[in-house]
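Remarks on the structure that follows.
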Amino acid sequence: MQTATALIAQHLNNQGSLKIEETKTVCAFSGLRISKGVALKNVLSANFTDAAYIRHPSKYCAVDVAQCFAPVTSDGKASLRNFSFIATPSGLTMLKREDMQQVLFSEKETPFVLCISYNQKKHISYKSRPQYDNNNFTVFTDGGDVEINQYDVSEILPIVTAWYTVVKGKEDTAALPTYFTKDEILSGEVGTHKIMAYGESKFFAETAVLEKYRRSNALKLIVHVLQKLKSNA
């Protein structure tokens, strides 16, 4: 079975920056046999702290693993840790914030690896795994793995979309205020005036549903990618 790093790295053009060596060993990360690899000392910086992911007795990692750590931009300044991205057999796409919601909830070519970074500072790719099911899958983030399933999405998404809709009558303003902020959606702590403006009975019925998911990684991710919606009503 193809590893996540192999799925990602087949679309990277950065092998030229690596010190690739002939070797007869296993990849320190995956345990797969490799005939070519890159010494860990030439891949991992002194700041690497996820030693638990180096599960196998080897001083080398596979070339594709090294590619996922190496710079991916022509100026050599950015690596995959600086991006959110989706990899499929057809390609690798770096995601802007406005792209994330559509990618998260749309049908994706399988297998796929979806990595979303909250702070663009930590490597995620070597922790990821290929996903084969669009109805139940894992998104890999720098805040931990997030399990996404369609039942949860069907409960959460309509509510948070309505809550993050621009207040009626404010669609043409510069600020585009929403009924509730992302922090308010996550915490449930909302001022009375906002509840009344949204609709008291509707708010309390919906917040009871969201309460099942508050403090969950799934709700945090869904709210993170959420885009403001303008009401057509």
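The values are calculated or read from the model by the stated rules, or taken from the named source; none is laboratory data. Model, not experiment: these values are computed from the prediction. In this analysis, Cβ positions are derived from the backbone assuming ideal geometry, glycine residues included, and neighbour counts consider all displayed protein chains. Remember, those area values only see protein heavy atoms, side chains included, never the ligands or the DNA or RNA. Shrake-Rupley method; radii C 1.70, N 1.55, O 1.52, S 1.80 Å.
Observations on the model:
- Close pairs (8 angstrom Cβ cut-off, 6 or more residues apart or separate chains): open to solvent by 40 Å² or more (accessible area, probe 1.4 Å) in region 1-21, assigned to a loop (DSSP other than H, G, I, E, B) anywhere: M1/P130; Q2/P111; Q2/P130; S17/A70; S17/G76
- Filter result (free of Cβ contacts under 8 Å to residues at least 60 places away in the same chain and under 23 Å from L229 (Cβ atoms)) within region 83-133: S84, I86, L95, K96, D99, Q102, V103, F105, S106, E107, K108, L114
- First in region 144-159 and farther than 13 Å from L104 by Cβ, second anywhere and at pLDDT 95 or above and loosely packed, with under 13 Cβ neighbours inside 10 Å, Cβ under 7 Å, 6 or more apart: E155/V209; I159/V209
- Options L40, L114: the member that is within 23 Å of I148 (Cβ to Cβ), of a type outside the set (V, I, T) and buried (at least 17 other Cβ atoms within 10 Å of the Cβ): L114
- Residue selected from region 170-229 under the condition in contact with a helix residue (DSSP H, G or I) (Cβ under 7 Å, 6 or more places away or on another chain), open to solvent by less than 30 Å² (accessible area, probe 1.4 Å) and in contact (Cβ under 8 Å) with a residue 60 or more places away in the chain, by the criterion farthest from D142 (Cα to Cα): Y213
- Flag for Y151 being closer than 23 Å to V209 by Cβ and open to solvent by 10 Å² or more (accessible area, probe 1.4 Å): yes
- Qualifying positions in region 72-102 - surrounded by 14 or more Cβ atoms within 10 Å (Cβ to Cβ), small (G, A, S) and modelled with pLDDT of 95 or more: S84, A87
- Test: residue in region 65-86 that is within 18 Å of the chain's Cα centre (by Cα) and over 24 Å from Q131 (Cβ atoms): yes
- Subset tally (residues that are under 23 Å from L114 (Cβ atoms), open to solvent by less than 50 Å² (accessible area, probe 1.4 Å) and either in contact with a strand residue (DSSP E or B) (Cβ under 8 Å, 6 or more places away or on another chain) or hydrophobic (A, V, I, L, M, F, W, C) (or both)) for region 49-62: 2
- Checking F137 against (1) closer than 30 Å to A70 by Cβ; (2) open to solvent by less than 30 Å² (accessible area, probe 1.4 Å); (3) in contact with a helix residue (DSSP H, G or I) (Cβ under 6 Å, 6 or more places away or on another chain), the condition it does not meet: (3)
Results for (1) out of contact with any His (no Cβ under 7 Å at 6 or more places or on another chain); (2) under 26 Å from M100 (Cβ atoms), shown as yes or no for each residue.
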position: K19; (1), (2): yes, no
position: A28; (1), (2): no, no
position: V38; (1), (2): yes, no
position: A66; (1), (2): yes, no
position: V72; (1), (2): yes, yes
